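Take a look at the structure below.
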Amino acid sequence: MPRYAWLYVPKRASYNPRDSGEIMTQRTVVLGVTGSIAAYKAADLASRLTQAGVEVLAILTRSATQLIAPATFRALTGRPVAVEMFDVTNPHSIEHVSLADAADVLLIAPATANTLAKLAQGMADDLLSCTALATRAPVLIAPAMHTAMWEHPATQANVATLRARGARFVGPVSGRLASGGRGAGRFAAVEDLLGETLALLGRYGDLTGRRVVVTAGGTREPLDPVRYMGNRSSGKMGYAIAEAARDRGAAVTLISAPSSLRAPAAVTRVLVETASEMRDAVSAALSDADALIMAAAVADYAPAAAENRKIKKTDEPLLLPLTRTADVLEVTRGRPAVRVGFAAESENLIDNARRKLTEKALDLVVANAVGGPNGPFDTDESEVVLVDSREATPLPRQAKRATADTILDRVVALLGSS
Ligand code: CTP
């Protein structure tokens, strides 16, 4: 029976959370929203967490209700929203204790200077501050206020006190403020808050204590100062794997060739450009890794020499000498315990994947059929076949995040048997 029985809505028996983008079921975030103008962004955060399968129990302070209505959070989270300390309609007699116990993470976003001061002092004069005092869950705080208030020594001292007690902070960042000026004090990006929260929720996941190295994107080999040889990899699959591993508790290093995707929160991202930079970064990251997942599309050939000056056109055909690059999986053979490669193939998908499995000494190959002028690149879905030494298992066409989690199910099993 879940701890928060009166809020429990049973899921359908046939329900597969991964099909609908839910990645974090049976986890509860108590979301404290305080009276900063950024409170409207907390609605988006509540919605994104709910879509990820997290149960969100919102507490609004009185001042927050001046800026955004409890009904907004009620509708977005599908759960009751708490404001008053002594609400006689609530089935729980001591609500701050039940909310404090229900929390897997207490997320206070946005947090005003006043809230930081109250938390630092251990005050307990409303539902949110009582809950913060009563909970044993990790506390994640996203301050949002005017620059002068943020930089004030009193606020900075409160932040230092809270940090010393183990609270984590996301932001504030610098940028445009509601007051019209620019400076530090802006509410962190919802994307980053979501990532940091999911990472904290995943702290007891099946990859806790593991170090996972993931590569992503397509390498670029320079031809001259303005041109490069590249490929069409978007990086979406590798980034999805990095986020999924993070959400299952792993310490993740994401080695990324150029990609337009933003750095996932709570992941160490190393940016590289060429195949040789990729090889060096992977070799360095492997020293204490448990698993390597090579989702990057690494160039097999590079121009023999990059010109210092822009190559000028002539009427003659241009022939470029190319040399082989190092194969990262070859160079790292035998390391780490679990090795996963990808195979992009336009023909003989399974046979080629099996050959790569053996030649590159891999535990698993994720085989991806490519074809047609547009290929399956830069899409949010994938349809792959998982090939290991025993069998080839086709996965359905599904969100890359769902594919990422299925790949990680295999990695977890392989780590258990390694
Ligand atoms: N790979 C690598 N280093 C390279 C090229 C590829 O580590 N220089 C890795 C990829 O990250 C992928 C796997 O090897 O995990 C297979 O990559 P793929 O491009 O499908 O195959 P290749 O080995 O390059 O072989 P081919 O081009 O003949 O298909």
#### Entry: Rel. contact order, % - alpha carbon contacts under 8 angstrom, at least six apart, the stretch 145-206
30
### Query
What is the count of Lys pairs in the chain whose alpha carbons sit under 25 Å apart, if the two are 8 or more places apart or on different chains?
7
### Query
Translational D (Stokes-Einstein, µm²/s) of the stretch 34-156 at 37 °C and 0.692 mPa s when Rh comes from the Kirkwood sum over C-alpha pairs?
223
### Listed residues Lys312, Lys360 arranged by accessible area, highest first, probe 1.4 Å
Lys312, Lys360
### Summary
Diffusion coefficient in µm²/s returned for the stretch 292-391 by Stokes-Einstein, Kirkwood Rh over C-alpha pairs, 10 °C and 1.306 mPa s, is 100
### Message
Give me the 1.4 Å probe accessible area per residue for the chain, excluding ligands and nucleic acids, in Å².
### Response
49
### Query
Taking the Cβ of Thr253 as the center, what net charge do the other residues with Cβ under 11 Å away carry, scoring Lys and Arg +1 and Asp and Glu -1?
+2
### Summary
Any trypsin sites (Lys or Arg not before Pro) in the stretch 159-195 that lie in a DSSP loop and have at most 12 other Cβ atoms within 10 Å would be Arg165
### Task
Quickly estimate the mean residue ellipticity at 222 nm for the chain, helices only: each DSSP H run with n ≥ 4 gives -39500 (n - 2.57), and the total goes over all residues, rounded to 500.
-9500 deg cm²/dmol
### Debye equation applied to the C-alpha atoms of the stretch 166-298, log10 I(q)/I(0) at 0.14, 0.19, 0.20 Å⁻¹
-0.71, -1.02, -1.08
### Query
Just the accessible area for Leu292, please: 1.4 Å probe, Å², rounded to the nearest 10?
0
#### Entry: Compactness of the chain - radius of gyration and Dmax, Cα, Å
24.7, 86
### Summary
Note, Phe169: beta-carbon cut-off 11 Å, +1 each Lys/Arg, -1 each Asp/Glu, net +1
### Summary
Over all directions, the stretch 335-418 yields a Cα convex hull whose mean projected area in nm² is 5.6
### Summary
Using the Kirkwood radius over Cα pairs of the stretch 201-277, the Stokes-Einstein translational diffusion coefficient at 20 °C and 1.002 mPa s, in µm²/s and rounded to a whole number, is 164
### Query
Carbon and sulfur: what percent of the chain's accessible surface (1.4 Å probe)?
50
## Note on the structure
Computed on Cα atoms, Rg of the stretch 112-242 relative to 2.2 N^0.38 Å comes out at 1.45
#### Entry: Cβ-based net charge around Lys356, under 15 Å, with every Lys or Arg adding one and every Asp or Glu removing one
-4
### Query
For the stretch 125-240, what is the percent of antiparallel DSSP beta bridges, rounded to the nearest 5?
75
#### Entry: Rounded to 5, the percent of DSSP beta bridges in the chain classed as antiparallel
30
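The values are calculated or read from the model by the stated rules, or taken from the named source; none is laboratory data. Keep in mind the model is a prediction, meaning the values are calculated, not measured. Neighbour counts run over all protein chains shown; Cβ positions are idealised from the backbone, glycine included. To get the accessible areas, we keep the full protein, side chains included, count just its heavy atoms, and leave off ligands, DNA and RNA. Shrake-Rupley method; radii C 1.70, N 1.55, O 1.52, S 1.80 Å.
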